[in-house]
1. Report whether or not Ala27 is at pLDDT 75 or above, surrounded by 16 or more Cβ atoms within 10 Å (Cβ to Cβ) and aliphatic (A, V, I, L, M).
2. Only one of (1) surrounded by 13 or more Cβ atoms within 10 Å (Cβ to Cβ); (2) of a type outside the set (Phe, Trp, Tyr); (3) assigned to a strand (DSSP E or B) fails for Thr110. Which number is that?
3. For region 80-93, which positions are without any contact (Cβ under 8 Å) to a residue 40 or more places away in the chain and either crowded, with 19+ Cβ neighbours inside 10 Å or not in a helix (DSSP H, G or I) (or both)?
4. Does Gly218 satisfy the condition of being at pLDDT 90 or above, on the phi > 0 side of the Ramachandran plot, assigned by TED's automatic domain parsing to the domain that holds Cys162 and over 16 Å from the mean Cα position of the chain (by Cα)?
5. Can you run down the residue pairs with Cβ atoms below 8 Å, 6 or more apart or on separate chains, where the first is in region 94-112 and assigned by TED's automatic domain parsing to the domain that holds Asn135 and more than 15 Å from Lys146 (Cα to Cα) and the partner is basic (Lys, Arg) and at pLDDT 85 or above?
6. What's the number of the condition Asn68 fails, among (1) touching a residue at least 40 places away in the same chain (Cβ under 8 Å); (2) buried (at least 17 other Cβ atoms within 10 Å of the Cβ); (3) outside the structural domain of Val22 (by TED's automatic domain parsing)?
7. Before we move on, is Arg54 buried (at least 17 other Cβ atoms within 10 Å of the Cβ) and on the phi < 0 side of the Ramachandran plot?
8. Can you tell me which of Gly158, Gly212, Gly171 is at positive phi, over 16 Å from the mean Cα position of the chain (by Cα) and touching a residue at least 12 places away in the same chain (Cβ under 8 Å)?
Amino acid sequence: NEMLSRRDNARTQWIAGVSHDVRTPLALILGWAEQLEQDALLPDSSRQKATGIRTQCEKLRTLIDDLNLTSKLEYGAQPLRRKDLRAGPLFRQLVAQFCESPLAAHCEITLEQEEPAEQTVLSVDEALMARLLENLLNNSVRHNPKPVNITVHTRRAGERFCLTVADDGIGYPAAVLAALNAAEPAENAPHILGLYVVQQIAAAHGGRAVFGQNTPHGAKAVVYLPLG
């Protein structure tokens, strides 16, 4: 057990180190791309290429962050900094933060909070809740070919708090749903790191995340969290 623990710690530290080393040059590339994107002296075609570079760098940064976080969650190296937070203000703030990001230009977000849920006090890690919601919203925007309408809905269901993120896009591919519902990852499983992190964050809080299709079309994720 001690040997396995040392191996897991070494793996977590290695991933954290690589993530840190990649972030520095990535930040420089992002900064240069943003400067070129805003340079009025450049032709439109060059500025569009700079926009493409910035967009891909932002995707890479998200992937690196998810890789680092999933490793820490898997091996228990990510501390839970729980605070008692009222759900209403928490999710209004998190949705507002996403609306300020560049991805928000490609979607319309509606926040619906039922009264009992809005007044519910959750014992959660605020940063991890922000990551959970960001990953779900990112997935809706990035995996649809056109702007989508996204609904973020909260409600109480017995002794559980339910957060639902649903869109009217093309829905989850069958292979993605199969991978998310599998007991163990398959060799040819599709890339679902962002959604896997959602599952891990929910589990770390004593809850779970369920993924399915929206009606009449689109993707739907429901996160169940314990009360108190």
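The values are calculated or read from the model by the stated rules, or taken from the named source; none is laboratory data. Only a predicted model underlies this, so the values are computations on that prediction, with no experimental measurement involved. Methodologically, a virtual Cβ is constructed for each residue, glycine included, from the backbone with ideal geometry; neighbour enumeration extends over all protein chains shown.
1. Here the answer is no, as Ala27 does not meet what is asked.
2. Here Thr110 clears every test but (1).
3. Residues satisfying the conditions are Asp84, Arg86, Leu90.
4. On the way: at pLDDT 90 or above: yes; on the phi > 0 side of the Ramachandran plot: yes; assigned by TED's automatic domain parsing to the domain that holds Cys162: yes; over 16 Å from the mean Cα position of the chain (by Cα): yes.
So Gly218 passes the test.
5. Leu111/Arg92
6. Of the numbered conditions (1) touching a residue at least 40 places away in the same chain (Cβ under 8 Å); (2) buried (at least 17 other Cβ atoms within 10 Å of the Cβ); (3) outside the structural domain of Val22 (by TED's automatic domain parsing), the odd one out for Asn68 is (3).
7. Details: buried (at least 17 other Cβ atoms within 10 Å of the Cβ): yes; on the phi < 0 side of the Ramachandran plot: yes.
In short, yes.
8. From the options Gly158, Gly212, Gly171, the qualifying one is Gly171.
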